[in-house]
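Working notes, structure below.
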Amino acid sequence: MTEALAFIEIPGWSPAMVVLDAMEKNASIRILQTELNDAPGVCIKLAGRVSDLHFAARAAEDTAAAMQTRILAHVIPRPAENSSAAWEAKPDFNPLIEQPSVQIPETNMPDQASFAVGLIETQGFTAAFEAIDTALKTANVEVLAREKLGGGYITIVIKGDVSAVRAAVEAGKAKVEGLGKLIAAHVIPSPSKGVLSLLPK
């Protein structure tokens, strides 16, 4: 039986990955899955010991506050037997966003990466594409993938060394104005195992 569960709801896929990274680097937790919703937003579902999940929830709230992003972090000690029927979502494919809305973490990932990940999230596709074109022209980075949430929200994920990713993200986010709305722009140095396991392919 799981000792405790935690649910973290946050608007935006990239802020969710930054929060997950902070939680994993502050507490021993296990990510069960993430689920996208139409807010648009993300619910991160975690398991672990009550004390670890409280530490993780606090780290999530502090990280979200630093990003000036709304968050709901809640821990449920001793979840009721069979409660997973309510919170555990089955793998699916959402044709509107052309990807699964339920993400199951991959196994056999390293504890941390040796590279940095950059995330530029916009509302508006043209803004995202211009931002990434600029990012690629600014520094030696590689596009890993893109993640869609619906509502025109799209995140482009890049990788490289920390200084290159920082330069690329800064240059890219400066190009968004007038083309769309910048939702978030973040750099995660040495992303955690959970973040690596959920990066879109």
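The values are calculated or read from the model by the stated rules, or taken from the named source; none is laboratory data. Bear in mind the structure is a predicted one, so any value in this text is a computation, not a measurement. Reconstructed Cβ throughout: ideal geometry from the backbone, glycine too, with neighbour counts over all protein chains shown. These area figures cover heavy atoms from the full protein model, side chains too; ligands, DNA and RNA do not enter into them. Shrake-Rupley method; radii C 1.70, N 1.55, O 1.52, S 1.80 Å.
Details
- Rounded, prolate or oblate (a/c below 1.5 giving rounded, otherwise prolate when a/b exceeds b/c) for the chain by Cα gyration tensor: prolate
- Per residue of the chain, the DSSP helices (runs of n ≥ 4 H) give a summed -39500 (n - 2.57) that works out to -10500 deg cm²/dmol at 222 nm.
- Cβ crowding within 10 Å averaged over residues, with 153-162, 132-141 ranked highest first: 153-162, 132-141
- For the chain, the relative contact order is 25 percent, taking Cα pairs closer than 8 Å that sit 6 or more residues apart in sequence and dividing their mean separation by the residue count.
- Annotation note: GluC sites (Glu not before Pro) in region 91-166 located in DSSP loop regions with a Cβ neighbour count of at most 11 within 10 Å are 98.
- Look at the Cα gyration tensor of region 106-201: its axes a ≥ b ≥ c give a/c of at least 1.5 with a/b at or below b/c, and that counts as oblate.
- When a 1.4 Å probe is rolled over the protein heavy atoms, the share of accessible surface on the chain that falls to carbon and sulfur comes to 51 percent.
- Local electrostatic count at residue 69 - Lys and Arg +1, Asp and Glu -1, tallied over other residues with Cβ under 13 Å: -3
- Shape class of region 1-118 from the Cα gyration tensor (axes a ≥ b ≥ c, square roots of the eigenvalues): rounded, since a/c falls below 1.5.
- If you take all other residues with their beta carbon under 13 Å from the beta carbon of residue 140, and give Lys and Arg +1 and Asp and Glu -1, the sum is +1.
- Restricting region 85-116 to chymotrypsin sites (Phe, Trp or Tyr not before Pro) in coil, as DSSP defines it, with at most 10 other Cβ within 10 Å: 93
- Local electrostatic count at residue 185 - Lys and Arg +1, Asp and Glu -1, tallied over other residues with Cβ under 9 Å: -1
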